[in-house]
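Undergrad: Please read through the structure below; I'll follow up with questions.
The values are calculated or read from the model by the stated rules, or taken from the named source; none is laboratory data. All figures in this text were calculated on a predicted structure; none of them were measured in a lab. For neighbour counting, all protein chains shown are included, and Cβ atoms are generated from backbone atoms with ideal geometry for every residue, glycine included. Just so you know, the surface numbers come from the protein's heavy atoms only, side chains and all, with ligands and any DNA or RNA stripped out. Shrake-Rupley method; radii C 1.70, N 1.55, O 1.52, S 1.80 Å.
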Protein chains: 2
Amino acid sequence: MSESQLEQHLFVIMGGTGDLTQRKLLPALYHLSAEGPLAGRSRVLAVARRTDMDDAAYRRWAQEALSAAGLSGDARAATWCSDCLHYQPLGEGAPEDYRALAQRIASLERDRKLPGNRIFNLALPPAAFPPAVTGLGESGLNRGPGWTRIVVEKPFGRDLDSARQLNQLIHRYFEESQTYRIDHYLGKDTVQNLLSFRFSNAIFESLWNRDRIESVQITVAEQMGVETRGAFYDGVGALRDMLQNHLTQLMCVTAMEIPPALEAEFVRDEKVKVLRSIPPLRAAEAVFGQYAPGSVEGRGVPGYREEEGMPPDSRTETFLALRVHINNWRWQGVPFYLRTGKRLAGRSTDIVVNFRCPVLTCFEPFTCDIQCNRLVITLQPDEGFDLHFGVKSPGQPFRLETQRLRFRYDEAFGALPDAYETLLLDIVRGDQTFFVRADEVETAWRVYTPLLQEPPHVHFYPAGTWGPEAADELIEDRSHGGWYVPRSPG
Amino acid sequence: MSESQLEQHLFVIMGGTGDLTQRKLLPALYHLSAEGPLAGRSRVLAVARRTDMDDAAYRRWAQEALSAAGLSGDARAATWCSDCLHYQPLGEGAPEDYRALAQRIASLERDRKLPGNRIFNLALPPAAFPPAVTGLGESGLNRGPGWTRIVVEKPFGRDLDSARQLNQLIHRYFEESQTYRIDHYLGKDTVQNLLSFRFSNAIFESLWNRDRIESVQITVAEQMGVETRGAFYDGVGALRDMLQNHLTQLMCVTAMEIPPALEAEFVRDEKVKVLRSIPPLRAAEAVFGQYAPGSVEGRGVPGYREEEGMPPDSRTETFLALRVHINNWRWQGVPFYLRTGKRLAGRSTDIVVNFRCPVLTCFEPFTCDIQCNRLVITLQPDEGFDLHFGVKSPGQPFRLETQRLRFRYDEAFGALPDAYETLLLDIVRGDQTFFVRADEVETAWRVYTPLLQEPPHVHFYPAGTWGPEAADELIEDRSHGGWYVPRSPG
């Protein structure tokens, strides 16, 4: 949340020919530096194993990547690629390869008159994180003439132990203040706005506690299956892929106390405090599921075990639902229900705040078929807020019904910025507010460790449903009618 | 709010050829009994001085009245007039005229096989209320074979004494349970919904007090001048015409405690308690105004004193603004600002609830150009709710702004029912919830008596503005930016 200026730098992509680079990093860098706030400030050095590639070949590859991202026919893309992109082969990543990288960086900075600020973005598979950190550190690239920052993509560890080891390795060479752990949910404008919403509205802040709130539901629902990620996904599952990072961040931002300032350490301190107040979860508070064959939007789809290359006896969870208790003064007794899954009936990310129910005795004997108040914060699609409230339907007989006070971002503001672009700008600014701190990632793993050690039974659910029925039984209070089902936009 | 059934009855309009009958009563009765819930249940006897009129002549007159109300070309209107309307001349209203009326009623009931339920609607100028009440009472029409109800239109008295006298006269012949004092604002669906809104939404009820609310503003703004009502209006003014009834009712419905049931006595008890908690107003808490020449919607208009037939030195107030304190546990310290006027810059009726301001220190040094939360309840035009809230505008730099959570009746429900129809149905049902009780009207007059005894100075304001500047100085807290100015719909 800093306003400091954007300094000239070299953006080094470790994994420069990978999937993440192609789909996310290059388009975001292009938007920011071809015409955006980084114009004239950012030069990109892609680093990858391939030794048969040079600057020219990489630029052709990058142009195709941009074109695949829908930026073809854009003459600026070609200009940007040839002006700003460079390539350095890393081969097997031996010490001499890293020394060559260091020399290339130094010469680029000299030629292009850069001040020596460097960002190393590890757009790599998790197994490649440790050697990259070591390679950068041992070759002296952890310190440079200007500032040096390292960016680590998710997943950060597979469990508490591996996360701790990775943190220790990073801290051998880099300060925590140099380290940017990405959870791209934190880059979403709607998530950042959740903080603004909570801390700038006196009426909601005064309601935001156990006296007024009955429960909170956070759902990240996908309609997709594992698609081409099968081999990767089967070793991961929903807990590691979605819960430990994205859902946990949404919960923290919803539940945290108000920091004295929107500064990185203050904000992350408050998130750590939320996580520290959650007792480690037990299997009785979790329901795991895996999708069976079914139908999504009228199209028959295979079950998880039938997907290409998948072990036919896989027990990997593609769905999970949890009941989480945050035992602090604000939240004790208010269950937070978290849920995520693939091949569900809809695609949506939302936070549903269920308020305590009104006393309706004064309306007896009239029809009061209303829900209790709820605030629905939709992060996608159709980003906005809906406050469900009771209203009299016009005329006679007297009848109450539920309607919605409604706000939509696109109607007020137009399109929202891309989460990756937001985060890349923050890195250049040196603002860590929306990146995950070492103790935060470890405290989150601590909560979920029992579920990794003794995984719950995996229920099958037909693709295209809202998950296994067992998930419904997690919900303790019935006054809000179980899990929230989003309406179609409109 | 009763669900009891609609019984057959005779609807007697005292003042059957008057302006109110023509504009409001006949169209409402037609809608209700030609095709609505009173079909086959209501027969209308119009009573007026004119002795040169009979049933046939009145039916022709009524058809023209309906046609003027936009119901011409409707064949059902002709049928309804000839089937359901009758006329009885009252002449000078001598005892024998009332005896003739009683005989006519009895013979109509016999011929039409009515069970003897009667409604006497006094659609008369205030001076004609006492003789009509006496005439009905002395001729025995205060009691009938079925139930008998008397309906009194506003204004109910000119001050506390005259209101007391009128109540005493009514109570000489009629029980309070037979008496329906009309304030047509109470028939508006949006006003009735205000009760539903308050009592069915736990989140707003928990905010609805001095801990969370800074001030309340209630405005009834007209763009019209006195039009053809000049002679009547000059003896009345805004206090008697709008404040003592409509604005006071809106304030009571906004401020009252929650009754144990939506039953007439419980609801009216709570309104009386609000009024009893208001210390009688002094001139220091009031600003009176009178419109001077000006321009409304680009058209030059005369000042009040220049209107036809108006005394050139009139001191009648066409505008007033008040600061009212309700000294009970819910509201002490929360000013209620009431305002009404003719020839203002806009036409609107709204209740604006200004919540206390948020603590914005955590957003420093960013741009926080936001208003504090406010709930705007629009009663007309464009009926609905707007909750003003703070939200982050997308992208960088970080910036908070005010947006609106929005609900509009017409989008959810279509057209709202007419207030008069709602109230007439309540009268037939015998439901007094939305009628003003004797002690309520007197307690309201008690609050405003000092302003009648020692009227405040009358400021002139140009027609087409929001009233005299002195009204701005009534507002004590500046955090919500003075009087609310409605946005154009949309």
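Undergrad: Answer yes or no as to whether A:ASP74 is closer than 19 Å to A:GLU35 by Cα and within 31 Å of the chain's Cα centre (by Cα).
TA: On the way: closer than 19 Å to A:GLU35 by Cα: yes; within 31 Å of the chain's Cα centre (by Cα): yes.
Judged against the criteria, A:ASP74 is a match.
Undergrad: Looking at region B:204-235, which of its residues are in a helix (DSSP H, G or I) and either open to solvent by 40 Å² or more (accessible area, probe 1.4 Å) or more than 7 Å from every other protein chain (Cβ to nearest Cβ) (or both)?
TA: Initial filter on region B:204-235 (in a helix (DSSP H, G or I)): B:204-207, B:227-234.
Selection gives B:PHE204, B:GLU205, B:GLU227, B:THR228, B:ARG229, B:GLY230, B:ALA231, B:PHE232, B:TYR233, B:ASP234.
Undergrad: For region B:298-336, give me each residue that is under 26 Å from B:LEU250 (Cβ atoms) and either basic (Lys, Arg) or open to solvent by 70 Å² or more (accessible area, probe 1.4 Å) (or both).
TA: Within region B:298-336, the first condition is being under 26 Å from B:LEU250 (Cβ atoms), and the residues that meet it are B:304, B:316-336.
Selection gives B:ARG323, B:ASN327, B:TRP329, B:ARG330, B:GLN332.
Undergrad: Also: Considering each residue of region A:341-384, count those that are under 17 Å from B:GLU205 (Cα atoms) and of a type in the set (D, E, K, R), and give that number.
TA: 2
Undergrad: Pick out, from region A:253-312, the strands (runs of 3 or more DSSP E) lying fully within it that include 1 or more residues that are in contact with a helix residue (DSSP H, G or I) (Cβ under 7 Å, 6 or more places away or on another chain), on the phi < 0 side of the Ramachandran plot and away from chain B (no Cβ under 14 Å).
TA: Working: elements: A:286-292, A:294-296, A:299-301.
Qualifying strands (runs of 3 or more DSSP E): A:286-292.
Undergrad: If B:ALA127 passes every condition in (1) open to solvent by 10 Å² or more (accessible area, probe 1.4 Å); (2) within 14 Å of another protein chain (Cβ to nearest Cβ); (3) farther than 30 Å from A:ARG210 by Cβ but one, which one does it miss?
TA: Against the list (1) open to solvent by 10 Å² or more (accessible area, probe 1.4 Å); (2) within 14 Å of another protein chain (Cβ to nearest Cβ); (3) farther than 30 Å from A:ARG210 by Cβ, B:ALA127 comes up short only on (2).
Undergrad: Does B:THR449 count as farther than 21 Å from B:VAL152 by Cα, assigned to a helix (DSSP H, G or I) and within 23 Å of the chain's Cα centre (by Cα)?
TA: Numbers: farther than 21 Å from B:VAL152 by Cα: yes; assigned to a helix (DSSP H, G or I): yes; within 23 Å of the chain's Cα centre (by Cα): yes.
So B:THR449 passes the test.
Here is a yes/no grid of residues against (1) at pLDDT 95 or above; (2) of a type in the set (A, V, I, L, M, F, W, C); (3) surrounded by 22 or more Cβ atoms within 10 Å (Cβ to Cβ):
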residue: B:MET251; (1), (2), (3): yes, yes, yes
residue: B:ALA255; (1), (2), (3): yes, yes, yes
residue: B:GLU263; (1), (2), (3): no, no, no
residue: B:SER277; (1), (2), (3): yes, no, no
residue: B:ALA286; (1), (2), (3): yes, yes, yes
residue: B:TYR291; (1), (2), (3): yes, no, yes
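Undergrad: So which residues in region B:14-59 are touching a residue at least 40 places away in the same chain (Cβ under 8 Å), part of a helix (DSSP H, G or I) and closer than 22 Å to B:ALA106 by Cβ?
TA: Restricting attention to region B:14-59, the residues satisfying the condition of being touching a residue at least 40 places away in the same chain (Cβ under 8 Å) are B:14-18, B:20-38, B:41-49, B:51, B:58.
Now narrow it down to the ones that are part of a helix (DSSP H, G or I): B:20-35, B:58.
Correct list: B:LEU29, B:SER33, B:TYR58.
Undergrad: Scan region A:399-429 for residues that are surrounded by 20 or more Cβ atoms within 10 Å (Cβ to Cβ) and within 19 Å of A:LEU360 (Cβ to Cβ) and report the count.
TA: 2
Undergrad: Looking only at region B:470-489, decide whether some residue is of a type in the set (Gly, Ala, Ser), out of contact with any strand residue (DSSP E or B) (no Cβ under 6 Å at 6 or more places or on another chain) and more than 30 Å from A:ALA202 (Cβ to Cβ). Even if it seems obvious, please write down each step before you answer.
TA: Narrowing region B:470-489 to residues of a type in the set (Gly, Ala, Ser): B:470-471, B:479, B:481-482, B:488.
Imposing the further condition that a residue be out of contact with any strand residue (DSSP E or B) (no Cβ under 6 Å at 6 or more places or on another chain) reduces the set to B:479, B:481-482, B:488.
Those still in the list that are more than 30 Å from A:ALA202 (Cβ to Cβ) too: none.
So far as region B:470-489 goes, no, none of its residues is of a type in the set (Gly, Ala, Ser), out of contact with any strand residue (DSSP E or B) (no Cβ under 6 Å at 6 or more places or on another chain) and more than 30 Å from A:ALA202 (Cβ to Cβ).
Undergrad: Turning to a different aspect of this structure: Would you mention how many residues in region B:126-172 are touching a residue at least 40 places away in the same chain (Cβ under 8 Å), of a type outside the set (A, V, I, L, M, F, W, C) and out of contact with any Asp or Glu (no Cβ under 8 Å at 6 or more places or on another chain)?
TA: 8
Undergrad: Condition test on A:ALA62, is it assigned to a strand (DSSP E or B), touching a residue at least 24 places away in the same chain (Cβ under 8 Å) and of a type outside the set (Val, Ile, Thr)?
TA: Numbers: assigned to a strand (DSSP E or B): no; touching a residue at least 24 places away in the same chain (Cβ under 8 Å): yes; of a type outside the set (Val, Ile, Thr): yes.
No: the conditions fail for A:ALA62.
Undergrad: It is to be established whether one or more residues within region A:421-434 are more than 10 Å from every other protein chain (Cβ to nearest Cβ) and in a strand (DSSP E or B).
TA: No; the residues of region A:421-434 include none that is more than 10 Å from every other protein chain (Cβ to nearest Cβ) and in a strand (DSSP E or B).
Undergrad: Within the set of pairs 6+ apart or on separate chains, which have a first residue in region A:222-239 that is under 15 Å from A:LEU344 (Cβ atoms), a second that is part of a helix (DSSP H, G or I), and C-beta atoms under 6 Å apart?
TA: From residues that are under 15 Å from A:LEU344 (Cβ atoms), the pairs are A:VAL226/A:TYR233.
Undergrad: Then there's this: Is it true that A:GLU109 is under 30 Å from B:PHE363 (Cα atoms) and either open to solvent by 10 Å² or more (accessible area, probe 1.4 Å) or not polar (S, T, N, Q) (or both)?
TA: So A:GLU109 does not fit the description; no.
Undergrad: Tally the residues that are within 20 Å of B:ARG404 (Cβ to Cβ) and open to solvent by 10 Å² or more (accessible area, probe 1.4 Å), restricting the search to region B:341-361.
TA: Keep residues of region B:341-361 that are within 20 Å of B:ARG404 (Cβ to Cβ), which gives B:346, B:348-358, B:360.
Cutting the leftovers down to open to solvent by 10 Å² or more (accessible area, probe 1.4 Å) gives us B:346, B:356-358, B:360.
Matching residues across region B:341-361 total 5.
Undergrad: Okay, moving on. Would it be correct to say that A:LEU71 is touching a helix residue (DSSP H, G or I) at 6+ places or on another chain (Cβ under 6 Å) and open to solvent by less than 40 Å² (accessible area, probe 1.4 Å)? Write out each step before concluding.
TA: Details: touching a helix residue (DSSP H, G or I) at 6+ places or on another chain (Cβ under 6 Å): yes; open to solvent by less than 40 Å² (accessible area, probe 1.4 Å): yes.
Considered against the rule, which asks whether it is touching a helix residue (DSSP H, G or I) at 6+ places or on another chain (Cβ under 6 Å) and open to solvent by less than 40 Å² (accessible area, probe 1.4 Å), A:LEU71 comes out as yes.
Undergrad: So which residues in region B:450-464 are closer than 17 Å to B:ARG305 by Cβ and open to solvent by less than 50 Å² (accessible area, probe 1.4 Å)? Talk me through it step by step, then tell me what you get.
TA: Just the residues of region B:450-464 that are closer than 17 Å to B:ARG305 by Cβ, to begin with: B:455, B:457-464.
B:VAL458, B:TYR461, B:ALA463, B:GLY464 - these are the residues of region B:450-464 that are closer than 17 Å to B:ARG305 by Cβ and open to solvent by less than 50 Å² (accessible area, probe 1.4 Å).
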